[in-house]
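Contents: one structure, followed by commentary.
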Amino acid sequence: MKRRIEVATLVVKVASRCNMDCSYCYIYHAQDTSWQSMPRTMPAAVLAALVDAVAALYQIQQTKPLIVFHGGEPLLMGISSLRNVVSALVYRLPNVSLSIQTNGTIYNAALERLLVEHRANLTFSVSVDGFALENDRHRIGRRDRSMYPRIKETLEQSKQAGVLDNILMVVDIQSDPIRIHQFMRVTGAKQYNILLQDGDHDHLPPGKHDRHATDVGQWLWQLFQLYAAGPQDFKLKFFDDIALALVKRARGIQVPISTYSLCTMTVDTNGEVKQADTFRVNGDGADRLGGENIVESPLHDLANSPVNQANVEVTETLSPQCLDCRYLDVCGGGFPSHRSKGGDYRHPSIYCDDYVYLFERIEHALCR
């Protein structure tokens, strides 16, 4: 009998284009080119279907999904249109969880009013990789222009308004961990999260020239030590999740076995429902489910369709190395998109050695 699948996160591509040209972007600089044929913004009919689909999903699932407005740059759809869809979702579902993931180049009074008005439901997350020196190494505007002055204004204004909830940062081992930690201390977000650059066995990301090297793990360990030693006036989710998993394991706390699987699904601007958009790094169309559209098909049905059932089963099937690893309950095998080799996901993550390096040291620090 197939396990039921529930949607944990729904990534909504309200805009398919971006006003920045980040060198490591898995949308515009990876293997997939589907964005080129997408509507620039999500049409009204698709937005209306989205509201209905999310409302239905909230009624069916035990797990209430997080709805993330994404892109491209989501704010390119216009604040008025975004306000309409947010207001419609909150009206239908007073307990809905929403988030905007933006590059921070657009911030104005209308956006601030929207964030303040819907504080109970809507969080604001900015992607930025540090101060200007670190950020501009990869995150630049068109024609190689620095966008950092605009981003800095967004960070300052949103902090002052009390709506700077999260900052998302991509790891670059060229950056000094001391400066990254200093940026976190002075910027004042409530939470930070860090992501490893996307890639797989066939397309190693920049800075990861050898899968067995531990340069990334060493960099993360340096940042962890700074975070653990400093005042805990903000959360760093990546490290908090690892530490909690290691401490639970050391104390023999068993995580209850779920009766269902969780997945991330994406709705493109044309309404097509796909897997997590990060699979686009693995190949052109690697995130496709079969062309079903949110206007015509319920999200719960698509999540439990034979094609998505098969995809979830493939990504949950781990390599023998992962199954034998003592840290399996900490990383779960890593991001599926980082495990792909020739379209086969039964391989260790390209960051496996980095993870082990980091986990061993955090475990020694916390659990000795």
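With N residues in segment 103-180, what two-decimal value do you get for its Cα radius of gyration over 2.2 N^0.38 Å?
1.16
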With no solvent and one point on each alpha carbon, what is the Debye value of log10 I(q)/I(0) for segment 243-368 at q = 0.17 Å⁻¹? -0.95
Pick from 309, 232, 101: which residue has the top mean-square fluctuation in a GNM of the chain where Cα pairs under 10 Å get a spring? 232
Could you list which residues have their amide H under 5 Å from that of residue 236, counting only those 5 or more apart in sequence or on another chain, with H placed in the peptide plane? 192
Taking all protein chains in place and a 1.4 Å probe, what share, in percent, of the accessible surface of the chain do carbon and sulfur account for? 53 percent
Give me the orientation-averaged projected area of the Cα convex hull of the chain, in nm², one decimal. 17.8 nm²
Residue with peak Gaussian network fluctuation, the chain [Cα springs, cutoff 10 Å], from 32, 52, 301: 301
Under a cut-off of 12 Å between alpha-carbon atoms, report the aspartates and glutamates in cross-link reach of residue 64, not counting same-chain residues fewer than 8 places apart. 6
Can you list residues from other chains, or at least 5 along the same chain, whose modelled amide H is less than 5 Å from the amide H of residue 4? 261
Based only on Cα atoms, what Rg/Rh ratio does segment 269-343 have, Rh being taken as Kirkwood's radius? 1.03
With a point put 7 Å past each Cα toward its Cβ, work out how far residue 328 is from residue 4 in nm, to one decimal. 2.6 nm
Ignoring ligands, DNA and RNA, how do 13, 2, 341, 248 rank by accessible area with a 1.4 Å probe, largest first? 2, 341, 248, 13
Straight-line reach from residue 2: which aspartates and glutamates have Cα under 19 Å away, leaving out those fewer than 8 places along the same chain? 301, 313, 316
Comparing 259, 33, 269 in a Gaussian network model of the chain (Cα, 10 Å), the one with the largest mean-square fluctuation is 259
If DNA, RNA and ligands are ignored and the probe is 1.4 Å, what is the ranking of 126, 90 by accessible area, most exposed first? 90, 126
When the solvent-accessible surface of protein heavy atoms is calculated with a 1.4 angstrom probe, in what order do 173, 257, 106, 294 fall, highest first? 257, 173, 106, 294
Below 14 angstrom from the Cβ of residue 251, what's the summed charge of the other residues (Lys, Arg +1; Asp, Glu -1)? +1
On a 19 Å Cα-Cα criterion, which of the cross-link pairs 159/235; 208/274; 208/341; 13/237; 159/190; 13/235 come out too long? 208/274; 13/237; 13/235
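Just add up the charged neighbours of residue 218: K/R +1, D/E -1, any other residue whose Cβ is under 11 Å from the Cβ of residue 218. Could you put the intermediate results ahead of the total?
Values: positive: 361; negative: 215, 353, 354.
Counting the neighbours of residue 218, the net charge comes to -2.
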Between the alpha-carbon centers of segment 311-343 and segment 205-254, tell me the distance in whole angstrom. 19 Å
Summing +1 for each Lys or Arg and -1 for each Asp or Glu, what net charge is found among the other residues whose Cβ lies under 13 Å from the Cβ of residue 270? 0
Jot down the radius of gyration and Dmax of segment 38-132, Cα atoms only, both in angstrom. 13.7, 45
Mind listing the lone cysteines of the chain, meaning no other Cys beta-carbon sits under 4.7 Å from theirs? 18, 263, 322, 325, 331, 352, 367
To the nearest whole percent, what portion of all C-alpha pairs in segment 151-210 is separated by more than 15 angstrom? 58 percent
Can you show me the helix-derived [θ] at 222 nm for the chain, built from DSSP H runs with n ≥ 4 at -39,500 (n - 2.57) apiece and divided by the number of residues, rounded to the nearest 500. -11000 deg cm²/dmol
Equivalent ellipsoid semi-axes for segment 189-283, as square roots of 5 times the alpha carbon gyration tensor eigenvalues: give them largest first, rounded to whole Å. 28, 22, 16
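The values are calculated or read from the model by the stated rules, or taken from the named source; none is laboratory data. Values in this document were obtained by computation on a predicted structure and should not be read as measured data. With ideal geometry, Cβ positions are generated from the backbone for all residues, glycine too; neighbour counts draw on all protein chains shown. For the accessible areas, the whole protein counts, side chains as well, though only heavy atoms, and no ligand, DNA or RNA atoms are used. Shrake-Rupley method; radii C 1.70, N 1.55, O 1.52, S 1.80 Å.
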